[in-house]
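Inspection log for the structure reproduced underneath, given as structure tokens.
The values are calculated or read from the model by the stated rules, or taken from the named source; none is laboratory data. Here the structure is a predicted model, which means the values were calculated and not measured. We place every Cβ from the backbone using ideal geometry, glycine too, and count neighbours over all the protein chains shown.
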Amino acid sequence: MKEINVKARIDSLPQVISFVMDNLEEWGCSMKISMQVEIATEEIFVNIAHYAYEEGEGDAVVKIDFDEEARKFALIFIDRGIPFNPLEADTPDVNASLSERKVGGLGIFMTRKYMDDMQYEYRDGQNILTLIKSI
Amino acid sequence: MTVTTNLEGEKLTVALRGRLDTLTSRDLETELESLLANPDIKVLVIDMKELEYISSAGLRVMLDAARTMEDKGEMIVTNLCSEVMDVFSITGFSEVFTIR
């Protein structure tokens, strides 16, 4: 298990993306899977940076854990911000017309589409979101 | 990300190169707003030939541009690589945008 601890701010995004993608690269996965994981990483981290600590500041921890035998990995996002379960977020209407389109919720929707599984728990004052993906 | 623009008569082509993410989409949004303030523009072509990555922040900028162009003429998104096309497909944006 490897981990990185960053300020939960948008400008930490490149650091978080590098951490995840560099670790993923060691495993050698397709362009398609790389981009899917990168999107999930960005969407979840940006959500934390925008909303977890409201006006205040805080940290976020990102962990990556590979299961070599099963050829899958877990990406874990932890923050100590306000409790938020992304699994309960409203699903955007992806069939809406141009004028009725909303972008809110799209990031979580894409994450759910691109990752195999997503688990959430709130424990000891921490939001813990685990994303699972086979490669 | 690099943005290259080319205005020919009423057609503006905006070529995107690199990554359209939460950080870079802000710059593109500002640039498109100022470019599309030109009342002569009737056709906006977004060329994604060299775009490697797009997240929901990038889709938001595309949506805003498409709405602006709805009143002025049309917006065409072109040359999407398969990974970027997949993002448009799963989010249903492939149905609301004109993609060539």
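Here are the numbers for this structure:
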quantity: Sole residue being closer than 21 Å to A:ASN95 by Cβ and modelled with pLDDT of 95 or more, chosen from B:VAL84, B:VAL3, B:VAL43; calculated: B:VAL84
quantity: Restricting the stretch B:3-44 to residues that are surrounded by 18 or more Cβ atoms within 10 Å (Cβ to Cβ) and among the β-branched types (Val, Ile, Thr), the residue that is nearest to the chain's Cα centre (by Cα); calculated: B:VAL14
quantity: Top-ranked residue of the stretch A:84-134 - restricted to ones that are of a type in the set (Val, Ile, Thr) and under 20 Å from A:PHE45 (Cβ atoms), ranked as modelled with the lowest pLDDT; calculated: A:VAL103
quantity: Hey, A:VAL6 outside any strand (DSSP E or B), aliphatic (A, V, I, L, M) and surrounded by 12 or more Cβ atoms within 10 Å (Cβ to Cβ) or not; calculated: no
quantity: Flag for A:GLY81 being farther than 20 Å from A:LYS113 by Cα and modelled with pLDDT under 95; calculated: no
quantity: Filtered residues of the stretch A:92-113 (kept if more than 8 Å from chain B (Cβ to nearest Cβ) and within 15 Å of A:ILE132 (Cα to Cα)); calculated: A:ILE108, A:THR111, A:ARG112
quantity: Selection status of A:VAL46, without any contact (Cβ under 8 Å) to a residue 40 or more places away in the chain, touching a helix residue (DSSP H, G or I) at 6+ places or on another chain (Cβ under 9 Å) and of a type in the set (Val, Ile, Thr); calculated: no
quantity: Count - residues of the stretch A:1-29 that are among the polar types (S, T, N, Q), in contact (Cβ under 8 Å) with a residue 12 or more places away in the chain and within 17 Å of A:PHE66 (Cα to Cα); calculated: 1
